[in-house]
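A.B. asks: I'd like to ask you about the structure that follows.
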Amino acid sequence: MRIVFLLFFTLPLMLQAQLNMSQLGFLDIPDAHATKGNDVWGYEDEAGNEYAMVGTEDGVSVVDVTDPANPVELSWITGMNSIWRDIKVYDDYAYVTTEASQGLQIIDLSPLPGSSSLPVSTYNGPSGSEWLSAHNLYIDNGFLYIFGAGRGNGGVIILDVATDPLNPIEVGVFDNWYAHDGYVLNDTGYFAHIYDGFFSIVDLTDKSSPVLLGTASSPDLYCHNIWTTADGNYAFTTDEIAGGHLGAYNISDPANIQFLDKIRSSPTQSIVPHNTHVLGNYIITSYYTDGVLIHDVTHPHNMVEVGNFDTSPLSSSNTSGCWGVYPFLSSGNILATDREEGLFVLSVDYVQGAYLEGNITEQGSGNPLNDVEISLEGTTITDYSSVVGDYATGTINTGTVDVTYFKVLYYPQTISTILSTGNVLIQDVVLQKIPQYSVTVQVLEAQSLNPIENAQVSMNHTYINHEGVTDVNGEVVLDLYYQDYYDITAGKWGFVSECFMDSLVISSTGTIVIYLEEGIYDDFSLDFGWSVFGDAEKGMWEREKPVGIELNGVVEAPFYDSDWDCGEMAFLTGNGTQSPQTDDVYNGETVLMSPVFNLTAFTDPHINFSAFYYNLHGPFYPNDTLFFSLFNGSQTVNIAKIHKDNTVMNVWSNYSVPVNGLIPLTSNMQLIVRISDYPATLNITEAAFDYFFITDFSVSHLPEETKTEITFYPNPFYDQFTVSGILDGEIEVYDLSGRRLAQQKIGSQNDFSNLESGTYLFVFKDISGNIVATSKGIKQ
């Protein structure tokens, strides 16, 4: 007990955010039982004593919280080890599910508070239809609903526990889809189908014959839980993924469900929501590393955060932190369980938000504007207008608040607004469109100066990307709006792409001329038509900007593309989510194939590329290989294999592979990149591929880019730059294909006016010829 009380007094020092909530008590159950916590439910006995039923990975803790400042564990019921353990209470009985093979555990709470010896029994289903594991459960009016059982599709099993609480009677099944969680109100079921991305509403009047009334998708298509208002007219959901939302719906007509609003906490940190519950005009949500959140849903189309308490010192986008919350005690206190920290007893001051609503139109035409971003100064709150220009947002802040309305291609507008608690302010806004202007980009062959037809050109601004294809004169006219800095890229298969970062383009810029060298090159900043095929259920190759995955400090998928090349794109095995194991290669193979290229003119061809590889954490030894092969039109040969034992995982690595003599060289060559993961050897398998080019020599001598105190500035530069951090030595300059273009001693001013505009690798050597730093630089 000494450890528990010590932690009770020291824990508040770790806590971060708290708004309209405060800590009354704390108990470090994970430390006391050397386990991690999960869900929580409440129980009140006939004398009015309040208890927390705390789930952990190894059992259930029964805690007396009648005196919230001094929570006391009365009983510990051991269970089989599992991450998941969920608890609900009916009468004087607690029912416990887990994904371990333990069945339904029934705990008799009637001896409390006089005795802490609580009888325990187990139910496994009717004879011939037994089940041993289940994800969750809910109880309403004497019927217990089992979700995600290891039987059938893992749908909903309905048990009568009113007749004999210790001996449930199965009375019905709704097994259309796997059900992860659910809520039942007055013989209507609301079930969350997480892997199918929607929720269902089901008539349970006849438990033996449930009737589907309607379905609707959740905002992020990963519907984890659902709860409704007391009148059954509105529902709220959580999507349990990084950056997932709370969703609000009008469900008064189950056959015509209307989506109303979505909101998320800490949007820049991609925190994961877990379970939400409805209490009056509020929803209370366990929100993993953001702790407990409270939203005012007086107006369900305009959810406003009005309370929070951060139980966790963590801030990662994973499922650590606050797992469960129970807001239904008669005292009004909230119970919350943090996986790592323990049980919190919290008080809350339920307050209303201040609401701002209106309509946004375009100046002149009067047309409604959708996707206008509405942000409130001093908050992380953002909202977006609907297809008819309507918006609804709000804040806990009152008084004068600056509200900014922003839409790409329109001048932003900031309006000082006075907001007050509980009141709706209507503020309509008119935005003016930014005038358009045009620039011409011409793409020429570097040697002949002949125009290059069908070259792709991209001019990327912070807010918008403009793309086009050159005509027979090598020209393309792009219509722009912002007179600002652009990243300009031009390329075509058979040429080395060129890119220019932070180039100022204004209405008087005129024609921009870009010269391309012939070569086999692709950094995927432009789409040159690589083919993707295979039979993997997920994790297929896709050309995108990486979003990255990190779990417990280990990078499983890259957050950036290769350092060396233009742009930010790469080919990745799945992308778009920061949650581990949601888009990795699974149950099949994914194959990436290049366009055709000609190797007949090469004498010593080397296939050069950057690759990222990750393979770990399976029940078997990680043995999935990233293969690189060449196809010459009639035969295929492997040229490289990357696997756990021959590469450094979790980082981009550069490769230069000689292929002369491996396969006859033809004019119809293609590179093939493939990786697979099958259930028999199930592992977490991720890969990425970037910066592909072919040279007639090895570029393995080319050093990796390093980060040291040696720098040069300005970068980008025009003709000269200054080097800091080293006084004597040499500078070598390489192009992106690995050719050394220049070499000179380091001076006070270093002149490279002879270089053409483009991106280069600068290698800095000391007076002994040792490489001390490398860095990518851009000459404008």
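A.B. asks: Give me the distance in nm between label points sitting 7 Å out from Cα along the Cα-to-Cβ direction at ASN186 and ASN397, one decimal.
C.D. replies: Between ASN186 and ASN397, the label points sit 4.0 nm apart.
A.B. asks: Residues in segment 525-541 near a label at LEU221, defined as backbone nitrogen under 14 Å from the 7 Å Cα→Cβ point?
C.D. replies: 538-540
A.B. asks: Now for a different question. Go ahead and run the numbers for FRET between ASN141 and ARG740, Cβ-Cβ distance against an R0 of 51 Å, rounding to 0.05.
C.D. replies: That gives a FRET efficiency of 0.05.
A.B. asks: With every protein chain kept in the model, how would you rank MET501, MET80 by accessible area, 1.4 Å probe, largest at the top?
C.D. replies: Solvent-accessible surface, decreasing: MET80, MET501.
A.B. asks: Please calculate the 1.4 Å probe accessible area of SER266, with all protein chains present, and give it to the nearest 10 Å².
C.D. replies: 30
A.B. asks: Another question about this same structure. Multiply the residue gap between GLN635 and GLN413 by 0.36 nm, knock off their C-alpha separation, and tell me the result in nm, one decimal place.
C.D. replies: My answer for the length gained is 73.8 nm.
A.B. asks: What list of ³J(HN,Hα) couplings, whole Hz, do you get for segment 27-41 from phi and the Karplus terms 6.51, -1.76, 1.60, once you set θ to phi - 60° and write x for glycine and proline?
C.D. replies: 9, 8, 5, x, 6, 5, 10, 6, 8, 10, x, 9, 7, 9, 9
A.B. asks: Quick one: if you stick a label point 7 Å off each Cα along the C-beta vector at LYS538 and HIS461, how many nm between them?
C.D. replies: 3.7
A.B. asks: So, with +1 on the Cβ of K and R and -1 on the Cβ of D and E, and no other charges, what is the size of the charge dipole of segment 123-255 about its Cα centre, to the nearest 20 debye?
C.D. replies: 140
A.B. asks: As an exercise, use a Förster radius of 56 Å and the Cβ-Cβ distance of SER508 and VAL388 to find the FRET efficiency, rounded to the nearest 0.05.
C.D. replies: Calculated value: 0.90.
A.B. asks: Let me ask something additional. Of THR590, THR573, VAL477, which is farthest towards the positive pole of segment 474-597's charge dipole, taken about the Cα centre with +1 and -1 on the beta-carbons of Lys, Arg and Asp, Glu respectively?
C.D. replies: Comparing the listed Cα positions along the dipole, VAL477 ranks first.
A.B. asks: Another question, if that's okay. Scan around PHE26 for amide H atoms under 5 Å from its own, H built in the peptide plane at 1.01 Å from N, and keep only partners 5 or more places away or cross-chain.
C.D. replies: Amide H neighbours of PHE26, under 5 Å, 5+ apart: VAL345.
A.B. asks: Provide the net charge surrounding ASN359, with neighbours chosen by a C-beta distance below 12 Å and charges set as Lys +1, Arg +1, Asp -1, Glu -1.
C.D. replies: So the surrounding residues net to -4.
A.B. asks: Could you derive backbone 3J(HN,Hα) for segment 177-189 from the dihedral phi with the Karplus parameters 6.51, -1.76 and 1.60 (θ = phi - 60°), listing whole Hz in sequence and x where the residue is Gly or Pro?
C.D. replies: With the stated coefficients, segment 177-189 comes to 9, 4, 10, 8, 6, x, 8, 10, 9, 6, 6, 10, x Hz.
A.B. asks: Oh, and also: Please turn the phi angles of segment 426-436 into ³J(HN,Hα) values with the Karplus equation 6.51 cos²θ - 1.76 cosθ + 1.60 (θ = phi - 60°), one per residue in order, whole Hz, x for glycine and proline.
C.D. replies: 8, 9, 8, 9, 10, 10, 9, 6, 6, x, 8
A.B. asks: Which of these values of volume of the Cα convex hull per residue in Å³ was calculated from the structure shown: (i) 209; (ii) 167; (iii) 219?
C.D. replies: Of the labelled values, this structure produces (i).
A.B. asks: Please report the net charge: other residues with Cβ closer than 12 Å to the Cβ of VAL306, K and R +1, D and E -1.
C.D. replies: So the environment of VAL306 carries a net charge of -3.
A.B. asks: Next question. Between VAL120 and ILE767, what length comes free when the chain is fully extended (0.36 nm per residue of separation minus the Cα-Cα distance, one decimal in nm)?
C.D. replies: 225.1 nm
A.B. asks: While we're on this one: When only the heavy atoms of the protein chains count and the probe is 1.4 Å, how do GLU537, GLU373, GLU498 rank by accessible area, highest first?
C.D. replies: Descending accessible area places them as GLU537, GLU373, GLU498.
A.B. asks: To continue, here is another question. Please sort 209-218, 113-122 by packing, taking for each peptide the average over its residues of neighbouring beta carbons within 10 angstrom, highest first.
C.D. replies: Final packing ranking: 209-218, 113-122.
A.B. asks: State in Å² the accessible area per residue of segment 220-310; use a 1.4 Å probe, count heavy atoms of protein chains only, and round to the nearest integer.
C.D. replies: Solvent-accessible surface per residue comes out at 28 Å².
A.B. asks: If amide H atoms are built 1.01 Å from N in the plane of the peptide, which residues on other chains or at least 5 residues away come under 5 Å of the amide H of LEU551?
C.D. replies: So LEU551 has HN proximity to GLU556.
A.B. asks: I've got another one for you. Determine, for each peptide in 426-437, 341-352, the mean count of other beta carbons within 10 angstrom over its residues, then list the peptides with the highest first.
C.D. replies: Ranked by mean Cβ neighbours within 10 Å, highest first: 341-352, 426-437.
A.B. asks: Where Lys and Arg each count +1 and Asp and Glu each count -1, what net charge lies around HIS33 among other residues with Cβ under 11 Å from its Cβ?
C.D. replies: Its environment carries a net charge of -4.
A.B. asks: Additional query: Can you give the accessible area of LYS36, probe radius 1.4 Å, in Å² rounded to 10?
C.D. replies: Taking all protein chains as shown, LYS36 has close to 80 Å².
A.B. asks: Per DSSP helix of 4 or more residues, -39500 (n - 2.57); summed, then divided by the residues of the chain. What does that give at 222 nm, rounded to the nearest 500?
C.D. replies: Value at 222 nm, helices only, nearest 500: -500 deg cm²/dmol.
A.B. asks: Now for a different question. Compute, for the chain, the length of the dipole vector about the Cα centre, with Cβ point charges of +1 (Lys, Arg) and -1 (Asp, Glu) only. Units Debye, rounded to 20.
C.D. replies: 980
A.B. asks: Where does each of ARG740, ARG339, ARG85, ARG151 land when they are ordered by accessible area, with a 1.4 Å probe and the largest first?
C.D. replies: ARG740, ARG151, ARG339, ARG85
A.B. asks: Now a separate question. If you take the charge dipole of the chain about its Cα centre, with +1 on Lys and Arg Cβ and -1 on Asp and Glu Cβ, which of ILE684, GLN105, HIS245 is farthest toward its positive end?
C.D. replies: Projecting each Cα onto the dipole axis, the largest value belongs to ILE684.
A.B. asks: While we're here: Mind ordering 252-259, 385-392 by average Cβ neighbours within 10 Å, highest first?
C.D. replies: 385-392, 252-259
A.B. asks: Carbon and sulfur atoms: what percent of the 1.4 Å accessible area of the chain do they account for?
C.D. replies: Here it works out to 49 percent.
A.B. asks: How far is it, in nm, from the label point at ALA47 to the one at ASN370 when both lie 7 Å from their Cα along the line to the Cβ?
C.D. replies: The two pseudo-label positions are separated by 6.1 nm.
A.B. asks: Which value, in debye to the nearest 20, gives the size of the charge dipole of segment 203-327 about its Cα centre, when Lys and Arg are +1 and Asp and Glu are -1 at the Cβ?
C.D. replies: It works out to roughly 120 debye.
A.B. asks: Which residues' amide hydrogens lie under 5 Å from the amide hydrogen of ASN275, considering only partners 5 or more residues apart or on another chain, with H built in the peptide plane?
C.D. replies: The answer is SER286.
A.B. asks: Assuming R0 = 35 Å, can you tell me the calculated FRET efficiency for the pair ASP349 and ILE77, based on Cβ-Cβ distance, to the nearest 0.05?
C.D. replies: With R0 = 35 Å, the Cβ-Cβ based efficiency is 0.50.
The values are calculated or read from the model by the stated rules, or taken from the named source; none is laboratory data. As the structure is a prediction and not an experimental result, all values here were calculated from the model. Please note: Cβ atoms are built from the backbone with ideal geometry, for glycine as well, and neighbour counts cover all protein chains shown. With ligands, DNA and RNA removed, areas are computed over all heavy atoms of the protein, side chains included. Shrake-Rupley method; radii C 1.70, N 1.55, O 1.52, S 1.80 Å.
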